[in-house]
1. Counting just the residues of segment 136-157 that are in contact with an Asp or Glu (Cβ under 7 Å, 6 or more places away or on another chain) and either crowded, with 16+ Cβ neighbours inside 10 Å or among the small types (Gly, Ala, Ser) (or both), which one comes out farthest from Ile170 (Cα to Cα)?
2. If I filter segment 91-141 down to residues being in a loop (DSSP other than H, G, I, E, B) and touching a helix residue (DSSP H, G or I) at 6+ places or on another chain (Cβ under 7 Å), which single residue comes out as nearest to Gly164 (Cα to Cα)?
3. So, in segment 158-179, how many residues would count as being touching a helix residue (DSSP H, G or I) at 6+ places or on another chain (Cβ under 8 Å) and buried (at least 20 other Cβ atoms within 10 Å of the Cβ)?
4. From the list Leu120, Leu101, pick out the single residue that is surrounded by 14 or more Cβ atoms within 10 Å (Cβ to Cβ) and over 27 Å from the mean Cα position of the chain (by Cα).
5. Name the single residue that is farthest from the chain's Cα centre (by Cα) among those in segment 159-179 being in a helix (DSSP H, G or I) and among the hydrophobic types (A, V, I, L, M, F, W, C).
6. Could you check segment 64-92 and list, in sequence order, the residues that are touching a strand residue (DSSP E or B) at 6+ places or on another chain (Cβ under 6 Å) and either more than 18 Å from Thr119 (Cβ to Cβ) or free of Cβ contacts under 8 Å to residues at least 24 places away in the same chain (or both)?
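FYI, it's all coordinate maths here, none of it is from the lab. Just so you know, these numbers come straight off a predicted model, no measurement behind them. Note that each Cβ is placed from the backbone with ideal geometry, even for glycine, and that neighbours are counted across all protein chains shown.
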Amino acid sequence: MRVLLTLATLSGAISGSAALLPVVASDFLSLNGAEPLDPLNLVVEPQTPGLQATLPPAEVKPVLAPPSPELPKPKLKVVPEVVKVITGEASWYGPGFYGNLTANGEIYKRGTMTAAHRTLPFGTKVRVTNLWNGRTAVIRINDRGPFIDHRVIDLGHGAASELGLTASGIAQVKLEVLR
């Protein structure tokens, strides 16, 4: 504790010493040492006769402020329109399918935000909400399925992770088909 107090005192003394140096008379002497400087003579009075006083009144123009720059228009984030809402059970597929081709010809990879749906066109964006935990993600349809009758969507690994259903394997979801 004593060491901490000593360090705090020293650091305060060191940092404060730069701001509290005493002023001596030699600080006001000129460089050659002949005559001392008077601090009051260092103040320069503004001179009133300027350019405007020498010009005829017809040529004196008021000083205009430069035009203010135009701010760019804000970029509007287009909110997608919900075309259709579907509720039902979702499942996910993963490890056994990595590296295989999806129905649209893409290679299925771990972590993708994609899903399989029976009828939605490839490339359709769907906002999926896990009704058990409230998590939401926007997912792109790139495959066909699920092949179990009562399920409405089969999520890729990344989508399932984002929605928090990899542990349970299934969840009740709400699909919002976006345009």
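1. Asn142
2. The selected residue is Arg135.
3. Number satisfying all stated conditions: 2.
4. Leu120
5. Ranking the candidates gives Ala160 first.
6. Answer for segment 64-92, where residues must be touching a strand residue (DSSP E or B) at 6+ places or on another chain (Cβ under 6 Å) and either more than 18 Å from Thr119 (Cβ to Cβ) or free of Cβ contacts under 8 Å to residues at least 24 places away in the same chain (or both): Pro80, Trp92.
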